[in-house]
1. Only residues that are open to solvent by less than 20 Å² (accessible area, probe 1.4 Å) and of a type in the set (A, V, I, L, M): list them for region 129-168, please.
2. Test of understanding: among V374, V309, V388, V280, which residue is without any contact (Cβ under 8 Å) to a residue 24 or more places away in the chain and out of contact with any Ser or Thr (no Cβ under 6 Å at 6 or more places or on another chain)?
3. Go through region 253-281 residue by residue and tally those that are under 23 Å from F337 (Cα atoms), in contact with a Phe, Trp or Tyr (Cβ under 8 Å, 6 or more places away or on another chain) and part of a loop (DSSP other than H, G, I, E, B).
4. Among the residues of region 240-250, which ones are assigned to a loop (DSSP other than H, G, I, E, B) and open to solvent by less than 90 Å² (accessible area, probe 1.4 Å)?
5. How many residues are in contact with a Lys or Arg (Cβ under 7 Å, 6 or more places away or on another chain) and surrounded by 14 or more Cβ atoms within 10 Å (Cβ to Cβ) when one looks only at region 185-202?
6. D286: of a type outside the set (S, T, Y), outside any strand (DSSP E or B), open to solvent by 50 Å² or more (accessible area, probe 1.4 Å) and touching a residue at least 60 places away in the same chain (Cβ under 8 Å), yes or no?
7. Scan region 201-211 and tell me whether some residue there is within 23 Å of the chain's Cα centre (by Cα) and within 30 Å of R339 (Cα to Cα).
8. Mind checking whether some residue in region 210-232 is open to solvent by less than 10 Å² (accessible area, probe 1.4 Å), over 24 Å from V89 (Cα atoms), modelled with pLDDT of 95 or more and in contact with a Leu (Cβ under 8 Å, 6 or more places away or on another chain)?
Amino acid sequence: MGPLAQGADNGVMEGPMIRAWMQESVPPSTSYEERPGRWVGEPSWPSPHIQEVVHPLRDRAIVRVGQEAPREGTEPEGLVHTVQSPLSVGQFAGKWASYNAPPDLPYDQREEDGGSLVFETQPLTERVEILGAPSVELLVSSSKEAAQITVRLSDVAADGRATRVTYGVLNLAHRAGDEGPEPLEPGKKYRVRIPLNGVAQVFPAGHRIRLSLSTSYWPLVWPAPAPALVSVHESGSSLTLPVRPTEEPDDVSAWPFGEPEGCTPPDVSQLTEPEQAWTVSRNLVDYRSSLDIVKDRGLQRYEENGIEVGLRACEKYTSVADDFGSVSGESAWTLRFRRPDWDIRVETRTVLTSDDEAFHIDATLDGYEDDRRVFSRTWNESIPRVNV
């Protein structure tokens, strides 16, 4: 059967208006062969089934998940907690966006949480499912004019392993929006809202929900110009979860989609071994930390036309102790094409550093034919650092 004509009824308007894969709880891992779960459907978005449930943050706890619980009999300001995270927080964060280059998902968050301000529920007495974008509202103050907050939501199993579910980041200079960022006034209190990435996730009974706040998340997020001590005032601080009641019908068939279709993959021979690496290292002599990433597909030959293709990408992110001016990000790529009588490759290298005033980019691009360089270009640029 050929494709349907434009305007033809293909059934797309039947059934739920939104479908989402509700992920079951899994242990932390940098890659998964399968993510168990089920399809759920909603009649519209926002859905009338989703309940925005507000959970106050009190005494380093997320209070009474499942219902609001105002704090009674206490002073209006509540407790104040401070956090100034080391640069090491973020080395197990994975990629900003996973792009099928495992292992690039976040690992066990317990070490990250050691440098964070943590709020946590008691063990859940019943299963909790969320669908949508959680958010956090905080009353904060900072010791510096520039600061950032990263918020992580984790599923904590009974044995303590913590799987990051979603996260959000806010440069506090952008607290009122991105159009007119302004520096902070040290010591002044600000109410900020930090949205987290949308997710469909199950928290099983017996697990805990953990909220972790950090002032750095390197190298996933470029750090502020200098360490800042951020104070979180409990008064008015809360976590909002988009709870989907477990008694709601899934509103989808057991198999909501047909069998996946695709073209026959090309005939490819692997000529050299691929390589993947994701190495975190710390030298306790000079306090240098490094995250080294290698994605090498090896050399592959496409048998239909005889072209051989190779791709190697290396990333290196370094810092020294908690010197925010020492951070450096480097990316080096080699792309190669060849036939028996023809061999070309392109090599690029980009290094990003920063100081209090600017970001500095140094980059090179070299083109080779038969191992002879035929093109070369170098860039040395500085970008003023304003409210970032």
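The values are calculated or read from the model by the stated rules, or taken from the named source; none is laboratory data. It should be emphasised that the depicted structure is a prediction, and the values quoted were computed from it without experimental measurement. Reconstructed Cβ throughout: ideal geometry from the backbone, glycine too, with neighbour counts over all protein chains shown. Accessible surface areas use protein heavy atoms only, side chains included; no ligands, DNA or RNA. Shrake-Rupley method; radii C 1.70, N 1.55, O 1.52, S 1.80 Å.
1. Scanning region 129-168 gives I130, L131, V136, L138, L139, V140, A147, I149, V151, L153, V156, A162.
2. Details: V309 fails: without any contact (Cβ under 8 Å) to a residue 24 or more places away in the chain; V388 fails: without any contact (Cβ under 8 Å) to a residue 24 or more places away in the chain; V280 fails: without any contact (Cβ under 8 Å) to a residue 24 or more places away in the chain.
The match here is V374.
3. Matching residues across region 253-281 total 2.
4. Residues of region 240-250 that are assigned to a loop (DSSP other than H, G, I, E, B), as a first pass: 244-250.
Matches in region 240-250: R244, P245, T246, E248, P249, D250.
5. To start, the set of residues in region 185-202 that are in contact with a Lys or Arg (Cβ under 7 Å, 6 or more places away or on another chain) comprises 186, 190, 192, 202.
Filter once more, keeping what is surrounded by 14 or more Cβ atoms within 10 Å (Cβ to Cβ): 190, 192, 202.
Residues meeting the conditions: 3.
6. Values: of a type outside the set (S, T, Y): yes; outside any strand (DSSP E or B): yes; open to solvent by 50 Å² or more (accessible area, probe 1.4 Å): yes; touching a residue at least 60 places away in the same chain (Cβ under 8 Å): no.
No.
7. Step one: filter region 201-211 for residues within 23 Å of the chain's Cα centre (by Cα), giving 201-204, 207-211.
Of the ones still in play, those that are also within 30 Å of R339 (Cα to Cα) are none.
No; the residues of region 201-211 include none that is within 23 Å of the chain's Cα centre (by Cα) and within 30 Å of R339 (Cα to Cα).
8. Checked region 210-232: no residue is open to solvent by less than 10 Å² (accessible area, probe 1.4 Å), over 24 Å from V89 (Cα atoms), modelled with pLDDT of 95 or more and in contact with a Leu (Cβ under 8 Å, 6 or more places away or on another chain).
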